[in-house]
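Only one structure is covered here, and it is reproduced in the block below.
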Protein chains: 2
Amino acid sequence: MIKIAILGFGNIGSGVLQVLRTNSASVARRAGDTVGVGYILDVRDFSSHPDARLFVNNIDVILEDKTVSTVVETIGGVDPAYYYVKSALLAGKNVCTSNKELVATHGAELLAIAREKKVCFLFEASVGGGIPLLAPIRDNLCANVVDQVHGIVNGTTNFMLTRMEKDDMTFAQALSEAQRLGYAETRDPSADVDGIDAQRKISILASLLFGSEVHPADVPARGIRQVGVEDIWFARKMGAAVKLIAYAKRDEKGKVACGVEPMVLPLCNQLANVQDVYNAVMLHGDMLGDVMFYGAGAGKLPTASAVVSDIVDCAKYGTAVHDTLFWQPSVSQGPIIDSGSYTYYVRVANQDVTTLEKDLGGVGMLLRHRTQIAVLTYPMTAKQLEKAILRLEKDGIHVAMSMKLLGKREMIAE
Amino acid sequence: MIKIAILGFGNIGSGVLQVLRTNSASVARRAGDTVGVGYILDVRDFSSHPDARLFVNNIDVILEDKTVSTVVETIGGVDPAYYYVKSALLAGKNVCTSNKELVATHGAELLAIAREKKVCFLFEASVGGGIPLLAPIRDNLCANVVDQVHGIVNGTTNFMLTRMEKDDMTFAQALSEAQRLGYAETRDPSADVDGIDAQRKISILASLLFGSEVHPADVPARGIRQVGVEDIWFARKMGAAVKLIAYAKRDEKGKVACGVEPMVLPLCNQLANVQDVYNAVMLHGDMLGDVMFYGAGAGKLPTASAVVSDIVDCAKYGTAVHDTLFWQPSVSQGPIIDSGSYTYYVRVANQDVTTLEKDLGGVGMLLRHRTQIAVLTYPMTAKQLEKAILRLEKDGIHVAMSMKLLGKREMIAE
């Protein structure tokens, strides 16, 4: 029997137990042995739980039990998860975690410890929830050099944008609906709506794809608070949709650009059609072209099923996974700037087309609705857009919103 | 060095050489060693090719060379590929192939030989071209029982249906465009348009998912020849699209249903938005829900990159892959019948709504266009539909087209 310990018996942790029990036969067939839970660590009182005998409240019991080969960490957050995970790796145990904050912040160090101790440190569930994503990147895309990734990696904001589009809700209405359904936190929803969750996930993806640590704090993140109903309306008229996109790319010289921001996506882009709480990640490989992985980016059982697939990988493939699942530590270089040129969507509450065209250096498409105008600019850099916005403000035209256009062409040809 | 031999230097075979050379460093890092091509078997004359020294025209040279660990088969078709692949496995060499006809016809036998000889038999490129699909099923979905798969697995017909929809082409016009671009064969396009290619691919997927050989000849296949411009038009009006869907499902009692046929997909179904030559496969796992893999289903370099990922898997994971990539041989049971209930799209060139409603037992939606009517029926089995069609014909109403509706609800709740 492969004996594991689960740290944290919340939503995901209890899901791991449920998945292991529901599909025990199929998991055993694939892992080459049965997988049994030896301990569950949780500080809360589970003495009346049917599995009460499994619960412990001291990590040392688990660390000292030589028969525990794999530790599952589903506590979330950095403290005490970081200490527990590091101790488990140092004690020679494999660790599988769903904790994106931990991996984004301490991934490089923990991967190095795992490599040194010849154990696995796996975290499939940390990005894209239940969607197989890190393992396919690690293994199946090995014949490709992946130069860019664009993803919808936060289900809550995608749910909100979908409601704003389909049910004509405002941001505030969509947020309160997301909170009512338990998708967004009631007290402080900023981890989702301000792009912090997506920032952590794209840091993990970028680090893995490019082999060098990308610090979350260096990734510019802008959430969906400024997205207005007008933007959703104008985008729809353009045959497009507004999505919160997390992206990372590396140019031919090795320069990395990375960020999280709302973008305007023509419907021919597969990501534009991803609705509700679903996630999707589109990668571009030099041999393969575009490839997309789509599915449930959150939820108890989907996320737990990804954790269980990591447990099986530990048993089946061992440390061979770290030949390709690895990144080097790096020193923070400050905010990562994307110096590429893009077509921008710009919305102003003004009808002075002449000044608008002059200050933006011409426009490629223009739509009017009541007192507002939305345009698509000619390609320009973020810095050029910033200067144009300053010119507009000086001329008395306030820019209510600006977003990059993420066409399909750009994704293929860039 | 991992020394390989390539059998067949056509489109895919030469692509494998190109991928290995273009991304040699990244492949070597992931395989744990450099991968070098020792032989290329092709009966044609390549004496003036820059790699002329690699070419041989006798398989025995390769089989007898103990330093060749892996053989790549990209000849296509059953003969002589079957003989070559079987000989290579029996000689103790791993085999990676892109040959769907071979795998669909002889997969069970070749997998058994591979297991016995403790070598790998891998065929990622045989379904979905470059899309990582069989490996994620084999490895990353291990915590799930997958009960159904629906896919667009033939790029040529998807290209044709896209042109019929976007450019208002007829079937004949779309076919000639596909032939002009080299997507469909000029002499006999039936492998694509009659669903034979998709039939082979879904046989492989069904065999892998359900663990028991599904014979291509037992899978009912119906291509897109009967899809009229009217059907595309009516579907669009219904907020839907016509797609050639290959599917396989297994109910709770273990009964397998499998087929290839054009279906009507509401746009909320992710598969409905897959355009042009792209492929996409949607799987449903009991823990994960829907998950979709999307990308280039054909093409020289995408397909070759999938073959190369198999070469790396042989080197890295060895025969551990066969714990989960395996199916048992089975005796053909004759045509597989899908006895499930579906909403059907039915089109008639008649305006007699009363008789139509009576013979179909009521309709859920009805659209008129010129002299034609298209309806969505209430859920019924294929047998019930057949009887209704007979009633209609008896009443003088000819059914021009009927297709299942593949909603999103069905995919999740069924």
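Throughout, read-outs are computed from the coordinates displayed, never taken from laboratory work. As the structure is a computational prediction, the values presented were derived from the model and not from experiment. Here the Cβ is made from the backbone with ideal geometry for all residues, glycine too, and neighbour counts use every protein chain on show.
The rotation axis taking chain B to chain A passes closest to this chain B residue's Cβ, listed with the gap in Å: B:Asn273, 2.
Seen from a random direction on average, the alpha-carbon convex hull of region B:84-229 projects onto 10.1 square nanometres.
Sorted shortest first, the distances from the A:Arg368 label point to those of the same residue in the other copies are 4.0 nm; each point sits 7 Å from Cα along Cα-to-Cβ. Listed by Cβ neighbour count within 10 Å, with the fewest neighbours leading, B:Ser309, A:Ser341 appear as A:Ser341, B:Ser309.
Could you list log10 I(q)/I(0) for chain A at q = 0.06, 0.07, 0.10, 0.13 Å⁻¹, which the Debye formula gives when each Cα is one point scatterer? Values, matching the q order: -0.27, -0.36, -0.70, -1.08. Over 25 Å between Cα atoms, which of A:Lys117/B:Lys117; B:Lys237/B:Lys387; A:Lys117/A:Lys316 qualify? Listed pairs above 25 Å: A:Lys117/B:Lys117; B:Lys237/B:Lys387. Dividing the helix sum by the residues of chain A, where each DSSP H run of 4 or more adds -39500 (n - 2.57), gives a mean residue ellipticity at 222 nm of -11000 deg cm²/dmol.
Note on region A:332-414: percent of Cα-Cα distances in each 5 Å bin, starting at 0 and stopping at the bin with the largest distance, equals 3, 14, 26, 23, 15, 10, 6, 2, 1, 0. Of the residues B:Leu175, B:Leu366, the one with the fewest other Cβ atoms within 10 Å heads the list, and the complete ranking is B:Leu366, B:Leu175. Provide the FRET efficiency to the nearest 0.05 for the B:Ser176-A:Leu90 pair, computing r from the beta carbons and using R0 = 51 Å. According to the calculation, E is roughly 0.15.
With its label point defined 7 Å out from Cα along the Cα-to-Cβ axis, A:Gln226 lies at 5.5 nm from the matching points of the other copies, in increasing order.
In the neighborhood of B:Val312, defined by Cβ-to-Cβ distances under 12 Å, what is the net charge if each Lys or Arg adds +1 and each Asp or Glu adds -1?
-2
Given the pairs A:Lys249/B:Lys300; A:Lys166/A:Lys394; B:Lys249/B:Lys300; B:Lys166/B:Lys404, which span a C-alpha to C-alpha distance of over 29 angstrom in this model? The answer is A:Lys166/A:Lys394; B:Lys249/B:Lys300. Over all other residues within a Cβ to Cβ distance under 11 Å of A:Cys96, the charged ones net out to -3, with Lys and Arg as +1 and Asp and Glu as -1.
Calculate the tail of P(r) for the protein assembly as shown: the fraction of all Cα-Cα distances greater than 52 Å, expressed in %. Counting pairs separated by more than 52 Å, the tail of P(r) holds 15 percent.
Counting every other Cβ atom within 10 Å of each residue's Cβ, B:His49, A:His369, B:His150 order from fewest to most as A:His369, B:His49, B:His150.
Of all aspartates and glutamates in the structure, those lying under 19 Å Cα to Cα from B:Lys86, and not within fewer than 8 positions of it along the same chain, are B:Asp42, B:Asp60, B:Glu64, B:Asp65, B:Glu73, B:Glu101, B:Glu109, B:Glu116, B:Glu124, B:Glu213, B:Asp310.
If you bin all the Cα-Cα distances of region A:268-414 at 5 Å, starting from zero, the percentages per bin are 2, 7, 12, 12, 12, 14, 13, 10, 7, 5, 4, 2, 1, 0. The Cβ shell under 9 Å around A:Ala125 holds other residues with a net charge of -1, Lys and Arg each +1, Asp and Glu each -1. Convex hull volume of the Cα atoms of region A:32-74, normalised per residue: 91 Å³.
Each other copy places its own label point for A:Leu181 at 3.6 nm from this one, sorted shortest first, where the point lies 7 Å along the Cα-to-beta carbon line.
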